[in-house]
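Worksheet for the structure shown next.
The values are calculated or read from the model by the stated rules, or taken from the named source; none is laboratory data. For clarity, every value in this text was computed on a predicted model and none was experimentally measured. Here Cβ is always computed from backbone atoms with ideal geometry, including for glycine, and neighbour counts include all displayed protein chains. Each accessible area value is taken on the protein alone, full model and side chains, heavy atoms only, with ligands, DNA and RNA left out. Shrake-Rupley method; radii C 1.70, N 1.55, O 1.52, S 1.80 Å.
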Amino acid sequence: MLFILGEELIGLDIIFWLIIGLMFLIAFAGLVYPVIPSVLFLLGGFLLYGAFFSFEPFSWLFWSIQLLFVILLFGADYIANMVGIKKFGGSKAGVWGSTIGLIAGPFIIPVLGILIGPFLGAIIAELVVHRRKVKEAIRIGFGSVIGFITSAFTKGIVQVLMIVYFFIVI
């Protein structure tokens, strides 16, 4: 039931905010399920706010700052994974194997695949491409998991900052 208060439709406003909030929640789900494009859902939430309410608060400064946050999100993802693997002695093959495992893992092993996928991907890549010893490859696989966890944590902070800035602006 919609209640009319002045010129606003209160019930419709609630529905609009629920949709925007859902977009933000899906973006956070992308932290643990990399097949979900977090950035698109965050930006979708901002654009829906503009469509539902007003684009007026979104100046060039708002979009410039959000663009910098998006660059940080992409950079954090790649750099944290690379640093985690390199710190444990891995190579570019380990980074690629970890990335493939990160994407495939959740589909193959639904809940734990998000951690097991990059771990096994890095191990397999290091064993096959560089013929590493099993113990060394396992250490590199562990580095990939550390990198993924660090990346998810960092991206979570950046996403919170994007949303907080959005609420400050509106």
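Values for this structure:
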read-out	value
Scope the stretch 125-144; condition crowded, with 20+ Cβ neighbours inside 10 Å and under 17 Å from MET82 (Cα atoms); matching residues	ALA125, GLU126, ALA137, ILE140, GLY141, GLY143, SER144
Some residue of the stretch 86-94 being farther than 11 Å from GLY141 by Cβ, at pLDDT below 90 and out of contact with any strand residue (DSSP E or B) (no Cβ under 7 Å at 6 or more places or on another chain)	no
Pair list, Cβ < 7 Å and 6+ apart or interchain, from the stretch 77-88 residues that are touching a residue at least 12 places away in the same chain (Cβ under 8 Å) and in a helix (DSSP H, G or I) to residues that are surrounded by fewer than 21 Cβ atoms within 10 Å (Cβ to Cβ) and aliphatic (A, V, I, L, M)	GLY84/ILE146
Criterion violated by PHE55 - all others in (1) more than 28 Å from GLY101 (Cα to Cα); (2) open to solvent by 40 Å² or more (accessible area, probe 1.4 Å); (3) in contact (Cβ under 8 Å) with a residue 60 or more places away in the chain satisfied	(3)
Unique match (being among the hydroxyl-bearing types (Ser, Thr, Tyr), open to solvent by less than 20 Å² (accessible area, probe 1.4 Å), out of contact with any Gly (no Cβ under 7 Å at 6 or more places or on another chain) and in contact (Cβ under 8 Å) with a residue 24 or more places away in the chain) among SER91, SER98	SER91
Residue match in the stretch 101-118 (condition: in contact (Cβ under 8 Å) with a residue 40 or more places away in the chain, surrounded by 17 or more Cβ atoms within 10 Å (Cβ to Cβ), more than 14 Å from LEU31 (Cα to Cα) and of a type outside the set (Ser, Thr, Tyr))	yes
Conditions (1) assigned to a helix (DSSP H, G or I); (2) modelled with pLDDT of 95 or more; (3) open to solvent by 20 Å² or more (accessible area, probe 1.4 Å); number of the one not met by PHE148	(2)
